[in-house]
Amino acid sequence: MTIEAPDAFSKGRTPTFEESARESLANAQLRRNIGKATQAIRTRRAQAVEELPDWEELRQAGYDLKTRVMRHLDEYLLQLEESVHKAGGHVHWVRDATEANRIIADIAKNHEAKEVVKVKSIATDEIKLNEFLEEEGIKAVETDLAEFIIQLAGEISSHILVPAIHKNRAEIRELFIKKLGAEDLSDEPSDLTNAARLYLREKFLQAKVGISGANFAVAETGTVCVVESEGNGRMCTTLPPVLVMLMGIEKIIPTWQDFEVFMQLLPRSSTAERMNPYTSFWTGVSEGDGPKEFHLVLMDNGRTEILADDIGRQTLNCIRCSACLNVCPVYERTGGHAYNSVYPGPIGAILTPQLVGIGRPGTDSLPYASSLCGACYDVCPVKINIPEVLIHLRGRVVRHRQDGGGLKGKLDPENVAMRTMARTFSDRRLYEAAQKAARISQWPLARSGAIHRLPGKLAGWTEARDLKPIPEQTFREWWKSRNGS
Amino acid sequence: MVEVEKRFVTSAREEILQRIRRATYDVPKEERPEDVPVECGYRKKDDAPREEMIEHFAENVTEYEATVRRVSEAGLKEAITQTCQERDIRRLVVPPGVPEGWLPDSVEALRDDTGTLLTNQELDESDGVLTGCALGIAQTGTIVLDAGEGQGRRALTLLPDYHLCVVREEQIVGLVPQAFAWLADAVKREGRAVTFISGPSATSDIELDRVEGVHGPRTLEVIIAG
Amino acid sequence: MQFSFNTSAQPTLKKPPGAGPPLQVWSQYISYHCAVRTALFITCINDTLFPETGRATVELLERLGIGVDFPLEQTCCGQMHFNTGYQREAIPLVRRFVEVFKEYEAIVSPSGSCAGMVREVYPMAAELANDKRLAAEVEEVTPKVFELAEFLVKKLGVTDVGAYYPHWVTYHPTCHSLRMLEVGDAPLKLLRAVRGIDFVELPEAEQCCGFGGTFAVKNADTSIAMLSDKLGHILETEAEVCTAGDNSCLMHIGGGLRRQRVGVRTVHLAQILASTEERRKL
């Protein structure tokens, strides 16, 4: 059974965050799993970062380097293209998901591949590569354990780093028994892992084409990099004779030496390790070692739109570490599915609406999926000011509705209320009159010193919270009486 | 070069470049990438004494659940022999450049030579692989392979289930930036593939419970020789 | 840098009893007392819903010898509008704030989030308005804005304000005080110096309470889920009072506590600091 998961990158209407969050919040198992996992990794990350006396300097350098890249992205892409050519690789440029899917499918077909092995890559999830390949008669096998699990379950990822964080061991055991025909399987993670190892080893050895995303690509040398833990990345990028790598155009770093910054920032932020188990760096093709053919696909798919927004631009600094997810109090309660996107959490709340464009109710709700507590900004290894971008995007959403929404947009109750209040606050006499009016009009609501139920849109407040009534005397009235004016 | 470039000129390429130039309208024309300041206030070099650094490396490798032992250069063969016996290793993959003197008499060496490369099947069915390395990073407990002498191509250290790696004391550097500086030549001049290995492969995908050994060698052993 | 003021102090200048403060602190104090024009930026929420916090702030500052002015033209900083996306609507409020407060040399507010709005978000608003003059005025006024605890500890160098508050108290560091203004442990220093207080640390203190302005209404379900955990931690401390530097978060936390009838009160930090033995006798 395949669950049709709503996704902002699919056609059709995606639900709003509020709608999806309500469902997730009611799922006790999900909340327990995610709560436990995020708390554990949060603590470990803090320890790993604590170890480095120069963490803040590294963050600053990471931010500076990414800023440099974004301001001169055209030059860096051209330099990367040249370096990869020199090293014997092929470079393809694609404007959008359709072009990206097409070219990857064509490469697979050219090598008569019926099956391809994949390293976990959110960029390929973004373009729905697996579905596209399936339509073309090519099966994409996910090889990251978590991606493998959710592929078997027909679900979508709920976390950037640990996509199956919402599933527990018992669920995974049942899934393996059903889908892999595994017998005598306990629910011990080591047994479950071993079952996957045996199944996937065959796939690696047979595959003609491997597909991977990119963590970084060096403009200076053409070197690309995959950071991972399990070894499936090494398998996919070493064993098949043909390797295709899909990368967003923002993944560039200027020079080889710049890895000294990012390879310190990423592992500690991501898995809270000093270094992740395996990192592969390769440059084009090497004689007698690894793939004979290497294709690098450079994808825009909405990224240049983000680049054009001078506040939103910093979103492209993201190195997909997922530290912001693990500290986010909203994510911790709702989990990733509520974001209806392959990019969940705080980074998803700013990345998704920018990638698909403002003006769609589902994704327009994402910048509001935050209490603006700022914990994400504190941990971001490349200093993306996520709260700032959230606020900025909220502004874009509202302006889009006001300017393009016609009469309906103007008569929207929130819009009317906000504009009325803004006018009231702009004039001291109106403001003071409103204070008095509110005090008088609240009496039907205030009972025994508290308001238990508010009407209309504000009812959400009193679902679990009382409201203090407006007292007899405002502060300014007291001030005026004290100073006799 | 020219020919290659011509082949890959596509309208998508031109359009993306144009979009970028439009998007970065705020960047002054005369600004060069190097004009964007990058503050490099972080540590570039570890000034700790050599012995401390080696100890630190050993500690950090151990923390990844890899076995570490320290021996003198002269005791290397004995240590390797002992390890292989303990692990019941009989068929050991040996990349070109591994000194003959390291090889235990008790094992069959499966040599991966230019003329006769081992097949993936043979690698898969071996008991393990013995390699040297390019360098070790003390700060992170990382072993770096750069496909150079005594390390071989990447598949050799990937398919066997056991990896025994010899690190010479003088190959250990303190901090991550030192490692990238050291590797620059191999990458820039020769375009060699580089692999960072920090402990055996691992996953925490099921309930964040760490399981050692997913796809790479499930066991990593390190011998520090000096 | 701790020293105590005469707790019965009139707003007159008296050298504190006991060992005197370091000279530079003392001179800072004098300069504030004599010369600096200090304004109270009360915020619309406090003005309308929590006048007792405003009164406490005035009493506290005056007790420390700082004369405060309250410019009556002030209304709202525009935070709710700006953060909800009604940013064009907020710009007149930004102009108004700058106009009302630009004459003052220090602007003190008993609200971390409103002070944060002015200090950290006003520059973005000025940019949106595309108004260079406004941007310049914002640049001039924002460094003079202080959250109350920050003003006392970092600007005046005072930690013991001579308060007396014989209750079990826990403290919730609100997100904007903590992460936007980086007030650090200033509020804790002040609380620990209060006489009679039994201070209890709040577990997971730095976790957001779930208020977040209109977030509390737009994403009420998530907001309440966050609040529930915060209330759980507050109850764990067995404190009778939960305090913070921001009444908007306290309104949310207090509303939850009251609905549950658990008998824990929320009290703004300013009110605890204003409380003295003499005052309690009245």
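The values are calculated or read from the model by the stated rules, or taken from the named source; none is laboratory data. Nothing here was measured: the structure is a model prediction, and the numbers come from that model. No Cβ is skipped: glycine too gets one built from the backbone with ideal geometry, and neighbour counts run over all protein chains shown.
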- Item | Residues that are closer than 24 Å to residue A:278 by Cα and in contact with a Lys or Arg (Cβ under 6 Å, 6 or more places away or on another chain), drawn from the range B:103-149 | B:126, B:127, B:140, B:146, B:147
- Residues satisfying the stated conditions in the range A:160-173, i.e. buried (at least 19 other Cβ atoms within 10 Å of the Cβ), within 10 Å of another protein chain (Cβ to nearest Cβ) and assigned to a loop (DSSP other than H, G, I, E, B): A:161, A:162, A:163, A:164, A:165, A:167
- Return only the number of the condition from (1) farther than 25 Å from residue B:163 by Cβ; (2) more than 11 Å from chain B (Cβ to nearest Cβ) that residue A:254 does not satisfy. (2)
- Among what's in the range A:460-485 and is β-branched (Val, Ile, Thr) and in contact with a Leu (Cβ under 8 Å, 6 or more places away or on another chain), pick the residue that is farthest from residue C:59 (Cα to Cα). A:462
- Query: Within the range A:285-315, how many residues are facing chain B (nearest Cβ under 7 Å) and surrounded by fewer than 22 Cβ atoms within 10 Å (Cβ to Cβ)?
  - Reply: 5
- If residue B:208 passes every condition in (1) more than 7 Å from chain A (Cβ to nearest Cβ); (2) not in a helix (DSSP H, G or I) but one, which one does it miss? (1)
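Yes or no, residue by residue, for (1) in contact with a Pro (Cβ under 9 Å, 6 or more places away or on another chain); (2) of a type in the set (Val, Ile, Thr); (3) over 30 Å from residue A:333 (Cβ atoms):
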{"position": "A:103", "(1), (2), (3)": "no, yes, yes"}
{"position": "A:112", "(1), (2), (3)": "no, no, yes"}
{"position": "A:132", "(1), (2), (3)": "no, no, yes"}
{"position": "A:146", "(1), (2), (3)": "yes, no, no"}
{"position": "A:157", "(1), (2), (3)": "yes, no, no"}
{"position": "A:165", "(1), (2), (3)": "no, yes, no"}
{"position": "A:197", "(1), (2), (3)": "no, no, yes"}
{"position": "A:203", "(1), (2), (3)": "no, no, yes"}
- Query: Just for the range B:146-169: of the residues that are assigned to a loop (DSSP other than H, G, I, E, B) and of a type in the set (D, E, K, R), which one is surrounded by the fewest Cβ atoms within 10 Å (Cβ to Cβ)?
  - Reply: B:149
- What residue, among those in the range A:95-125 that are within 14 Å of chain B (Cβ to nearest Cβ) and more than 17 Å from residue A:243 (Cβ to Cβ), is surrounded by the most Cβ atoms within 10 Å (Cβ to Cβ)? A:101
- Message: Would you confirm, using the coordinates I've provided, whether residue A:186 is surrounded by fewer than 18 Cβ atoms within 10 Å (Cβ to Cβ), over 24 Å from residue B:188 (Cβ atoms) and touching a strand residue (DSSP E or B) at 6+ places or on another chain (Cβ under 6 Å)?
- Response: no
- Message: Checking the condition touching a helix residue (DSSP H, G or I) at 6+ places or on another chain (Cβ under 9 Å) and either aliphatic (A, V, I, L, M) or not in a strand (DSSP E or B) (or both), which residue from B:124, B:113, B:185 passes?
- Response: B:124
- Restrict the check to the range A:415-429 and report whether at least one residue is in contact (Cβ under 8 Å) with a residue 24 or more places away in the chain and in a helix (DSSP H, G or I). no
- Message: If I ask for residues that are of a type in the set (A, V, I, L, M, F, W, C), surrounded by 20 or more Cβ atoms within 10 Å (Cβ to Cβ), in a helix (DSSP H, G or I) and within 8 Å of chain A (Cβ to nearest Cβ), which ones from the range C:203-255 would you list?
- Response: C:215, C:216, C:220, C:224, C:225, C:226, C:227, C:251
- Message: Take residue B:98 and tell me if it is outside any loop (DSSP other than H, G, I, E, B) and within 22 Å of the chain's Cα centre (by Cα).
- Response: no
- Query: Filter the range A:77-94 for residues that are under 26 Å from the mean Cα position of the chain (by Cα) and either farther than 11 Å from residue A:246 by Cα or at pLDDT below 95 (or both); which is surrounded by the fewest Cβ atoms within 10 Å (Cβ to Cβ)?
  - Reply: A:77
- Select, from B:206, B:137, B:197, the only residue that is on the phi < 0 side of the Ramachandran plot, at pLDDT below 95, assigned by TED's automatic domain parsing to the domain that holds residue B:62 and of a type in the set (A, V, I, L, M, F, W, C). B:206
- Query: Only one of these conditions is not met by residue A:453: (1) at the interface with chain C (Cβ under 7 Å from one of its Cβ atoms); (2) farther than 27 Å from residue C:128 by Cβ. Which number is it?
  - Reply: (1)
- Within the range A:412-425, can one find any residue that is more than 27 Å from residue A:358 (Cβ to Cβ) and facing chain C (nearest Cβ under 9 Å)? yes
- Note on the structure: Note: among A:339, A:331, just one is closer than 16 Å to residue A:14 by Cβ and either of a type outside the set (Ser, Thr, Tyr) or under 14 Å from the mean Cα position of the chain (by Cα) (or both), namely A:339
- If we keep only residues of the range A:457-485 that are more than 8 Å from chain C (Cβ to nearest Cβ) and at pLDDT below 85, then the residue surrounded by the fewest Cβ atoms within 10 Å (Cβ to Cβ) is A:484
- Any residue in the range C:191-202 that is at negative phi, more than 21 Å from the chain's Cα centre (by Cα) and either within 8 Å of another protein chain (Cβ to nearest Cβ) or assigned to a loop (DSSP other than H, G, I, E, B) (or both)? no
- Item | Enumerated strands (runs of 3 or more DSSP E) restricted to the range A:54-144, each holding at least 2 residues that are among the β-branched types (Val, Ile, Thr) | A:90-94, A:115-118
